[in-house]
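Trainee: Here it is, the structure in full.
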Amino acid sequence: MKKTAKMALVAALILGGTTMLTSCERDVKAAVDGLMKPVNDQLKRWDEQTKAEHLANLQNWVHSETDEEAIKKFGYEKCFSVVPLTDQYWNDYKTVALSPNADKAKLCEVRSLTYVSRGRDGYAIRIGSLICDKRIANDLLAIFRSLYEQKYEVPDLSPCYEFSWQQLINNNSSFCYFYDEHEPEAADLLQQQGLVVVLNPAFAPADGHDKAVQLFRQHGFTWGGDTPNGQRYRFERRF
């Protein structure tokens, strides 16, 4: 009888200790939750703000980052389009100018998403565009859409206003039409007419098996890497 009572007492003490420990854990958790609530609320606000900015970037076609959720809301097909040029590209305070060798009526803007690898941090989706001759616009639209869908990295697709030639190269920007009235010798005639694409100048395609090289060739472009001392980042189309 005494043995049974003793066992019952031990069991009660163990159960009571467990109950006390569980209660203590609850108190600690409640305290931690209370301390973390402002942090979690701020993180939630930042996340909501980022999502809103990513959607607004697409709606206003701001050259910045977006995400798949925003793309779904905006509409995937709308992320790849050819649009008329506006006067914003030719204002006096912009670096880019209208070349005397170019006809503005023959130029347009190609808009496309691009894929950017972030290594262990995954990837980013960039919003970009470039100015080109209307005769190659649909080809470029198909090329850059295919590159995006194949996750071919294009860090920056730029209409290149506000940047000099050297800045574009240093930034590893991809672009087409280019003419800087302060440095007119930086662009050749085809570039001034929007018929040359400079692709990833900092890590240009290494050989003819590159996905981009193959796509540009399929659409009638000549790759600079096929000529002696040619620029491997250069793709041109002649008419």
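The values are calculated or read from the model by the stated rules, or taken from the named source; none is laboratory data. Quick caveat: nothing in here was measured; it's all calculated off a predicted structure. With ligands, DNA and RNA removed, areas are computed over all heavy atoms of the protein, side chains included. Shrake-Rupley method; radii C 1.70, N 1.55, O 1.52, S 1.80 Å.
Trainee: Just the number, please: carbon plus sulfur as a percent of the accessible area of the range 140-239, 1.4 Å probe, no ligands or DNA/RNA counted.
Mentor: 45
Trainee: In cubic angstrom, how much convex hull volume per residue do the alpha carbon atoms of the range 192-239 span?
Mentor: 81
Trainee: Related question: How much solvent-accessible surface does Asp103 expose, in Å² to the nearest 10, with a 1.4 Å probe and all protein chains in place?
Mentor: 80
Trainee: Given contacts defined as C-alpha pairs under 8 Å and at least six residues apart, what's the relative contact order of the range 91-210, whole-number percent?
Mentor: 28
Trainee: Give the Rg (one decimal place) followed by the Dmax (whole number) of the range 89-188, computed from C-alpha coordinates and expressed in Å.
Mentor: When restricted to the Cα atoms of the range 89-188, Rg and Dmax are 14.4, 47 Å.
Trainee: Next up: Only Cα pairs under 8 Å and at least 6 apart count here; give the relative contact order of the range 104-160 as a rounded whole percent.
Mentor: 44
Trainee: Still on this model: At a probe radius of 1.4 Å, what is the per-residue accessible area of Ile169, in Å² to the nearest 10?
Mentor: 40
Trainee: Restricting the calculation to Cα positions, tell me the Rg (one decimal) and the Dmax (whole number) of the range 126-239 in Å.
Mentor: Rg, Dmax (Cα atoms, Å): 13.0, 38.
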